[in-house]
Each structure stands twice: as structure tokens, then as C-alpha cells.
Amino acid sequence: MYIIRILLSYITKLVLFLIGWKLLKEKHFNQFHKYKRSVVVFSHTSYADFYLFILYFLAFPKEFNNVRVLVKPQPFAYAGCILKRFGAIASSRFDERNGGSTDRIVEELKKEGEFIFLISPKGTIVKSEWRSGYYNIAISLKAHLSAVGLDYEKKKIVISHGIEYDKSKEEIETFLKEQLSKIVPLFPEDEVFEIRKHNENLRSIISTVRLFLLIFLITLLLMMLIY
């Protein structure tokens, strides 16, 4: 199992490199694991976010070992075991505002000494106002809050510094939105706050420049071998 995990780590790191995404370094994980208990909000505008996070989780299994992430309940019906292996926790349905998921999440996280809990305050990929679940969870667990996101322009994970849970809800929300506004999601128009100015031509899931360069080099190598 250990050998398979190491092999899978190298393969997924190669995949991330091939599609143009930057690998994480020790300084990023030092920032990520700065607090024993953290509630980390992220900008979620596309299902591509989920698959990219999975790639990073596979690439750095040890570093992401104590990360838990809130996932909508539908996939648990057919992939529950796999999702749980990646630290996923099922949320309530989006239309069930009083579905009791906050209390359930708090009780589950209380069992763990250290954790990093990832949650999208919108609860959906479409444009929607923030729900208060992330704040209530942080207050209940006395956990620091910070922001993280996939920057689709710079092709890297961005991790912000944190804020203490004992600040006012308005102060915390303002801070987190300011941090997330510096990170370019795949579809900025689906966020409720303004995203920083960026080059829209570079905003994509895959770096086409990196991909075309690799295809060219592989083609050139094959031609040299054939002829």
C-alpha cells in the first residue's frame, strides 16, 4: 500500500506538471498547518475545483492527511467509501437550510485532535450569497479561519494567512472575501465579490502553452527515433 501511494504521488505530480499547475512546497504546508484546528473557506465556481483538489491530495497524501472537505451528499450514494478516504464529509442538500449538517459536522470534527476543514460558504458553484455554516463551525470548534483557492490564471494553490474566530462575523467575512478576491477562480462572474484584475486568456484548467510544448517535444523525439 505504501509503495502504491508513493507511485501514485509521483504520477499525479507529473500530471499536475503536464497540465501546467505548480507543485506545493514546504512553506505552503507550513502556512496550511499553522494552526491545530482550521476552518478554511475556498472559492467554488466549477466542478473542476474538485478534481484538481483530488490531484493535489494524491500528490501530497502525507501533507493533506488531516484535511477534511465538505462535499454535497449526492455522490456519497455511489462513491461514499472513496470520498471518505479523501476526508470528505457529506453536507445537507442546498435547499435544506435547516438540515442539521452544522451540528453533525461539529460533532465529527470534535473527534479529531487536529484538522483542516475545507468548506465553500456558497454551498454551490453558481452565484449565491454566503451561508453562515462555516462561521458557526469555527465558533463551535474555536478554530482559526483562513482562505485557500485554486488560481486558474497563475495555475497554483494560494493559501492566505488566518484570522481568529473571536472576531465579529462581519469582520471575518470581510477578511475572507478580501483574501479570496486575490485568487482567480475559473468563473469569476459566479462569485459574490469582485475578483482581482487578471489576464482572461490565461484563465483555464490546463496551460495550453505547456501542453503544446510537450506535444511538440514528444513529436520531435518520436521523429528522431523513427528517422
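The values are calculated or read from the model by the stated rules, or taken from the named source; none is laboratory data. Nothing here was measured: the structure is a model prediction, and the numbers come from that model. Please note: Cβ atoms are built from the backbone with ideal geometry, for glycine as well, and neighbour counts cover all protein chains shown.
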Is it fair to say Arg210 is of a type outside the set (S, T, N, Q) and either in a helix (DSSP H, G or I) or free of Cβ contacts under 8 Å to residues at least 12 places away in the same chain (or both)?
-> yes
In the stretch 79-104, residue surrounded by the fewest Cβ atoms within 10 Å (Cβ to Cβ) [restricted to those that are modelled with pLDDT under 80 and acidic (Asp, Glu)] | Asp95
If we scan the stretch 105-118, do we find a residue that is surrounded by 13 or more Cβ atoms within 10 Å (Cβ to Cβ), modelled with pLDDT of 80 or more and aromatic (Phe, Trp, Tyr)?
-> yes
Take the residues of the stretch 30-55 that are aromatic (Phe, Trp, Tyr) and modelled with pLDDT under 90: which is farthest from the chain's Cα centre (by Cα)?
-> Phe32
Of the listed residues (Lys182, Lys154, Lys167, Lys197), the one being in contact with an Asp or Glu (Cβ under 9 Å, 6 or more places away or on another chain), of a type in the set (Lys, Arg) and not in a helix (DSSP H, G or I) is Lys182
Return a yes/no flag: does the stretch 18-34 have any residue that is within 22 Å of Lys110 (Cα to Cα) and touching a Phe, Trp or Tyr at 6+ places or on another chain (Cβ under 6 Å).
-> no
Result of the Cβ filter at 6 Å on the stretch 1-13, keeping first residues that are of a type in the set (A, V, I, L, M, F, W, C) and partners that are in a helix (DSSP H, G or I) and surrounded by 10 or more Cβ atoms within 10 Å (Cβ to Cβ), at least 6 apart or interchain, is Leu8/Leu58
Residue identified as among the basic types (Lys, Arg) and under 18 Å from the mean Cα position of the chain (by Cα) among Lys156, Lys142, Lys167, Lys111 | Lys156
Go through Val158, Val126 for me and flag whichever is of a type in the set (A, V, I, L, M, F, W, C) and free of Cβ contacts under 8 Å to residues at least 40 places away in the same chain.
-> Val158
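Each row is one residue, and each column tells you yes or no for (1) without any contact (Cβ under 8 Å) to a residue 40 or more places away in the chain; (2) within 15 Å of His44 (Cα to Cα); (3) crowded, with 18+ Cβ neighbours inside 10 Å.
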| position | (1), (2), (3) |
| --- | --- |
| Ala138 | no, no, yes |
| Ala147 | no, yes, yes |
| Lys154 | no, no, no |
| Glu170 | yes, no, no |
| Phe175 | yes, no, yes |
For the stretch 102-137, how many residues are out of contact with any Phe, Trp or Tyr (no Cβ under 9 Å at 6 or more places or on another chain) and assigned to a strand (DSSP E or B)?
-> 1
Which of (1) part of a loop (DSSP other than H, G, I, E, B); (2) touching a Phe, Trp or Tyr at 6+ places or on another chain (Cβ under 9 Å); (3) charged (D, E, K, R); (4) modelled with pLDDT of 95 or more is the odd one out, the single condition Lys177 does not satisfy?
-> (1)
